[in-house]
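Written out below as structure tokens is the structure these notes cover.
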Ligand code: 6CS
Ligand code: FE
């Protein structure tokens, strides 16, 4: 049964109401193969943008790839992503942050309950949460390989976290991308919110992509399966919301707030 056009749920309508939205289309297998090849090549390099799971050589995440890899540089300009970000943010956007969270088979560690905006407000002095995360599934994501879990509607609650941690900030960016995060939502609060609002798993076939809000409460578990769960995340920020003087490394916080110009319609990677 197809929804009559007048009751089709708009991306903006669902995103504003629930804090997340799944795009109706998927990237092609060819595009995914190109992205995975770039991720493999970058993961093999020794450079600050590549971080590892604690005490292991398993890559946890790679950062800022759009600034030095040409496939990633094209990806952030694809019209289907730029136009979606512009619609959800309500105006011109730039790439604030780019990362791939690898969540390796058996070794990929959890991401505790948190809100991304807590990091961007407290560590980068971002003024508002008028930004959007676009998450592209590079692998098949299912219930067993540590999918991202979001709490719909929690983006409307402002920042909820252990302010004692905020009071004693480390100033160490590695505490913002490890399994032992500096700014978290206490599990007791997250569990109560999950009871009240329900949860949504970000699962799907490779090439599926979602948008989720910077303030939505989310987490993911350890990956105890043999299947990798690589998630590519592009954060588009409103050009009017660029932090004045971010201190963290540029591969975590872009200094270039020039609006992204989309490639021609139908552009491929
Ligand atoms: O600190 C940051 O910018 C990153 N850390 C987390 C846990 N989520 C937001 C962002 O990717
Ligand atoms: Fe996050």
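For the reader, a short list of remarks on this structure follows.
- Taken over region 109-121, the residue count meeting the criterion of being more than 13 Å from the chain's Cα centre (by Cα) and within 9 Å of ligand 1 (Cβ to nearest atom) is 2.
- Scoring residue 70 on the criteria (1) more than 14 Å from ligand 2 (Cβ to nearest atom); (2) touching a helix residue (DSSP H, G or I) at 6+ places or on another chain (Cβ under 6 Å) leaves a single failure, condition (2).
- Annotation: of all residues in region 158-180 being away from ligand 2 (no atom under 16 Å from the Cβ) and at pLDDT 75 or above, the one that is farthest from residue 98 (Cα to Cα) is 168.
- Residue within region 131-143 that is under 25 Å from residue 13 (Cβ atoms), more than 14 Å from ligand 1 (Cβ to nearest atom) and within 14 Å of the chain's Cα centre (by Cα) present: yes
- Scope region 91-125; condition buried (at least 24 other Cβ atoms within 10 Å of the Cβ), more than 10 Å from ligand 2 (Cβ to nearest atom) and assigned to a loop (DSSP other than H, G, I, E, B); matching residues: 102, 103, 108
- From the list 226, 147, the one residue that fits, being closer than 30 Å to residue 25 by Cβ, surrounded by 18 or more Cβ atoms within 10 Å (Cβ to Cβ) and away from ligand 1 (no atom under 13 Å from the Cβ), is 147.
- Enumerated strands (runs of 3 or more DSSP E) restricted to region 187-263, each holding at least 1 residues that are touching a residue at least 24 places away in the same chain (Cβ under 8 Å) and more than 13 Å from the chain's Cα centre (by Cα): 200-202, 208-212, 231-238
- Odd one out for residue 143, checked against (1) under 20 Å from residue 235 (Cβ atoms); (2) modelled with pLDDT of 95 or more: (1)
The values are calculated or read from the model by the stated rules, or taken from the named source; none is laboratory data. Because the structure is a prediction, the values reported are computed rather than measured. Cβ atoms come from the backbone with ideal geometry, glycine included; neighbour counts cover every protein chain shown.
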